[in-house]
Each structure stands twice: as C-alpha cells, then as structure tokens.
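Have a look at the structure below before the remarks.
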Amino acid sequence: MLLANNLSFRRENQTIFNSLDLSLSPKKIIHLYGNNGVGKTTLIKILADVLNSDSGEIYWNGKNIKKNTYEYFSNLTYIMDSNTSNNQMSVIENINYWTKLFSSNIKSTELESVLKMLFLNTKKDIKAENLSRGEIKKLELIRLVIEKKKFWLLDEPYSGLDNDSIVLINETFRNHLNSNGMIIFASHYCPEIPNIETIDLAKYANN
Amino acid sequence: MQIINSITALFYKEYKIAYKNLYDILTIILFFLLGIFIFVFSIGPNEEIFQQIGIGIIWTLLLLSNNLSIKRFYQNDFKDGNLHLLHMSGMSYELIVLVKLITNWFFLQIPFFIFIPIACLMLNIQNDNIYLILLTFLIGSPILTSIASISGSLNLLNNRNIEIASIIVMLLSIPVIIFSFGIIKAPPELIKPQLSFLIGILLLFVSITPWICAACIKIAIRNS
C-alpha cells in the first residue's frame with residue numbers, strides 16, 4: 001500500500017506540481033499522463049526516493065519511506081528514464097549481474113523463456129552498446145522479472161518498443177496485477193488494462 | 001545474506017568492466033613511463049642528478065597518473081543511474097564507495113608495483129631505495145585512490161570544468177608526497193617515525209573517505 005500526500009516540487013522558482021495526493025493499493029495500476037515538462041519523471045523520481053519533494057510525505061505500508069528506505073526498496077522495482085544496463089557488458093552478463101545483485105531466485109529455464117519471448121535469445125553474447133534502442137529497453141524491462149518485487153515504478157516503459165513487445169508488456173502488467181502487484185507508470189501511450197486509473201499531472205500544475 | 005550477494009555482484013561487474021577496459025590501465029601506465037622518459041630527455045644523461053631527484057620524479061608522475069583515474073570512479077555509474085540501482089539493492093552509499101575503492105586500488109595501483117622498479121632502473125636509483133619506494137607506495141597508493149575517489153565524487157555534477165578535480169587531487173596529495181619522499185632522504189633512525197606518520201594518513205583517509213564520498217553522491221543524486 002503506497003500513500004503520498006500533499007506532494008509538491010519546485011525547480012528554479014517554478015512550481016512543477018502542487019498538493020498532489022496519491023494512493024495505490026494492491027491490484028491497482030496508475031497511469032501518469034501529461035505533456036512534456038509537466039513533471040512525470042520528476043514525480044516518479046520522488047516516488048523512488050531519488051529526488052526530495054518540497055512538501056509532503058510518502059508512506060509505504062504506513063511507514064515513512066525516508067525512515068524505512070531499505071524496507072521500501074526491498075519492495076520496489078524502478079525502471080529509470082536512463083538505461084542501467086552496462087554498455088560494455090553483453091546481454092547475458094548484464095542479466096547475471098542483476099540476478100546476483102538482487103539475490104534473485106529466478107530459474108534459468110524461466111529466464112530463457114523470457115529472453116525467447118522478447119527475441120533476445122539469439123543476442124545473448126552481444127554487447128549492450130550494439131543493441132538497438134528498443135532492445136536495450138527490453139533488456140531493461142527484464143529487470144522486472146528478475147527482481148520479483150511487489151511494486152513496479154516505470155518511467156516510459158513503452159518508448160522504442162515494437163507492437164509485439166507492447167502487447168507482451170501489457171500482458172505482464174495484467175499478470176502482475178492479478179498476483180497482488182501494484183504498478184505506477186508514466187507514458188504518453190494509454191494501454192488497455194482494466195481498472196486503470198489515470199492521473200493527469202496538468203491538473204496539479206502551478207495555479 | 002543479500003548484502004553479501006550484492007557486494008559480490010558489484011565486484012563481478014567492476015572486474016568485468018576493468019577487464020574490458022584494460023587499455024585504460026595501459027594508458028595510465030604508458031603516461032607514467034613516458035613522463036619519466038621526458039624527464040630523462042629534458043635533464044640529460046647525468047647519473048648524479050638522477051640519484052638525487054629520481055625518487056621525486058617517480059612520485060610526481062605517480063600523482064599525475066592518479067589524476068587520470070578520477071573519471072573512472074563514479075561518473076558513468078552516476079549518469080546511467082547505477083548508483084541508485086545499487087542503493088536500491090540494499091547497499092548503503094558508504095559500502096558502494098568502499099567496494100569501489102578496493103577495486104580501483106586493485107586494478108589501477110597494483111600494476112604500478114611492476115612498473116615502478118622498471119622506472120627506478122631507468123633513473124639509476126639504488127636497490128635499497130627501490131624497496132623503500134615500493135614500501136611507501138604500498139602505503140601511499142590507497143591514499144591516492146581515496147583522494148581520487150573524493151575528487152571524483154565532489155565533481156559528479158560538474159560537467160564544465162572537470163580540471164578542478166585534478167587540482168583537488170594535487171592539493172590533497174601534498175602530505176603523501178612530503179612523507180613518502182622524506183622517508184627515502186631520512187637517516188635510518190627517522191624512517192620508522194615517518195612511516196608511522198604515513199600509515200596515520202592512510203588510516204585517516206580510509207576511515208573518512210566512504211563518508212565524504214557518500215555524502216557527495218547523495219547530494220549529487222538529490223540534485224540530478
């Protein structure tokens with residue numbers, strides 16, 4: 001259960017958003033929506049404890065995330081706007097690194113099938129810098145499966161993906177929601193997922 | 001248990017990247033050796049002079065080559081969000097800094113233990129002094145790595161004037177140079193006190209570097 005109240009953020013004396021409230025319970029998905037520069041990435045960064053909000057607090061299961069950071073992080077998968085995969089390491093090396101880093105118990109057969117679904121199984125030994133933009137994004141999204149956390153926070157998960165992958169991602173989202181997961185994502189694309197809650201950030205802009 | 005897995009994962013990644021960038025390390029060593037060549041050419045073949053200033057030349061070049069490694073520390077991991085990813089895996093920033101210090105010391109300073117004796121031979125330095133240089137470098141190199149780490153973390157948000165990082169390194173390295181050079185010139189009974197002083201500096205830097213760098217990284221991430 002995620003709760004945020006009265007969030008506001010200012011940058012260079014300009015209010016990006018003001019008194020924003022947010023609550024997310026299991027099986028719920030929130031779509032952050034808005035034009036460029038309206039503060040989607042900023043809000044996601046605040047929720048991931050990268051940036052500090054100017055006012056307001058965020059609670060995870062009733063505990064302030066500033067005081068229980070690691071407990072919050074052990075439930076959070078954050079797909080950033082930048083690609084965290086290392087350019088110089090191959091696809092499989094990146095995956096091995098993440099598996100170790102998050103002490104994942106993912107089985108190699110499971111990983112194999114995910115790679116096959118994303119058409120990355122033939123590119124296992126290729127360096128990440130030689131992949132296309134969409135493929136790098138897909139590699140990044142594999143972290144969702146590896147980490148196996150409850151709360152997914154995604155910044156532009158659809159950018160650069162082909163139609164097949166978008167269908168696959170939506171399918172993954174639905175499965176995650178069915179198994180008591182929760183998702184917040186920011187995107188210009190509106191996927192077809194039942195019970196999706198859309199927040200238009202323009203409503204909270206300076207007024 | 002998870003924290004140990006995370007630490008091994010970071011070691012694994014640092015090893016992979018260092019292995020794939022071996023030419024980075026080679027460049028730094030080449031810089032060191034070429035610098036010594038240039039000194040030799042500019043001063044001329046005079047054995048007596050080199051016996052007097054040779055050790056100073058070697059330490060100066062060690063310091064300058066240390067400057068080349070500043071960017072390797074946190075810049076890339078900061079830009080692609082990996083520092084935050086490591087933090088999310090349950091590691092504190094202090095721990096990340098500590099692992100980075102160990103790996104960077106291992107990959108960037110250990111090779112010098114092979115090339116310092118070669119440089120000493122080029123400058124005609126006595127055998128006894130070679131041992132002393134290696135001993136002071138064993139104590140001094142972690143200090144140099146710490147200083148480069150501090151300077152690298154201080155300049156994470158600085159995209160315009162990265163040269164200031166080198167200046168910080170040079171300023172902070174002055175005590176290391178004074179004591180490392182002092183030991184070799186000192187009479188035998190003064191070697192031990194000087195060595196203890198150098199070890200004191202080492203312990204100071206090793207204990208404060210993780211906190212300083214972690215604080216700098218936190219500030220940089222909050223303002224990214």
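Every number here is computed from the coordinates shown, using simple stated rules; none is lab data. What you are looking at is a predicted structure, and each value in this text was computed from that prediction instead of being measured. Note that each Cβ is placed from the backbone with ideal geometry, even for glycine, and that neighbours are counted across all protein chains shown.
Values as computed for the structure displayed
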{"quantity": "Simple Cβ-charge dipole of the protein assembly as shown, Lys/Arg +1 and Asp/Glu -1, about Cα centre, in debye nearest 20", "calculated": "640"}
{"quantity": "Least to most buried among B:VAL99, A:VAL91, B:VAL40 (fewest other Cβ within 10 Å first)", "calculated": "B:VAL40, B:VAL99, A:VAL91"}
{"quantity": "Dipole of segment A:1-61, positive end: most advanced residue of A:THR42, A:ALA4, A:ILE29 [Cβ charges, Cα centre]", "calculated": "A:ILE29"}
{"quantity": "About the Cα centre, charge dipole magnitude for chain B (Lys/Arg +1, Asp/Glu -1 at Cβ), debye", "calculated": "680"}
{"quantity": "Shielding by partners, peptide A:94-103 (average Cβ within 10 angstrom, other chains)", "calculated": "6"}
{"quantity": "Quarter of Cα convex hull surface for segment B:2-223, i.e. mean projection, nm²", "calculated": "12.7"}
{"quantity": "Average beta carbon contacts from partner chains per residue of A:40-50, 10 Å cutoff", "calculated": "2"}
{"quantity": "Cα gyration tensor category, rounded, prolate or oblate, for segment A:142-201 with a/c compared to 1.5", "calculated": "rounded"}
{"quantity": "For B:68-81, mean number of other protein chain Cβ atoms within 10 Å", "calculated": "2"}
{"quantity": "Cα centroid separation, segment B:19-55 to segment A:160-207 (Å)", "calculated": "58"}
{"quantity": "Ranked A:ASP155, A:ASP164, A:ASP54, criterion: other C-beta atoms within 10 Å, fewest first", "calculated": "A:ASP164, A:ASP54, A:ASP155"}
{"quantity": "Segment A:1-201, Cα convex hull volume normalised per residue, Å³", "calculated": "124"}
{"quantity": "Cα-based shape type of the protein assembly as shown, given that a ≥ b ≥ c are square roots of the gyration tensor eigenvalues and the cut on a/c is 1.5", "calculated": "prolate"}
{"quantity": "Where GluC sites (Glu not before Pro) in DSSP loops with at most 10 other Cβ within 10 Å are excluded, longest remaining stretch of chain A", "calculated": "A:13-191"}
{"quantity": "Distance (nanometres) between label positions extended 7 Å along Cα→Cβ at B:LEU171 and A:HIS188", "calculated": "4.6"}
{"quantity": "Lysine pairs within chain B, Cα separation less than 18 Å, 8 or more sequence positions apart or different chains", "calculated": "13"}
{"quantity": "Dipole magnitude (debye, nearest 20) for segment A:1-155, charges at Cβ of Lys, Arg, Asp, Glu", "calculated": "320"}
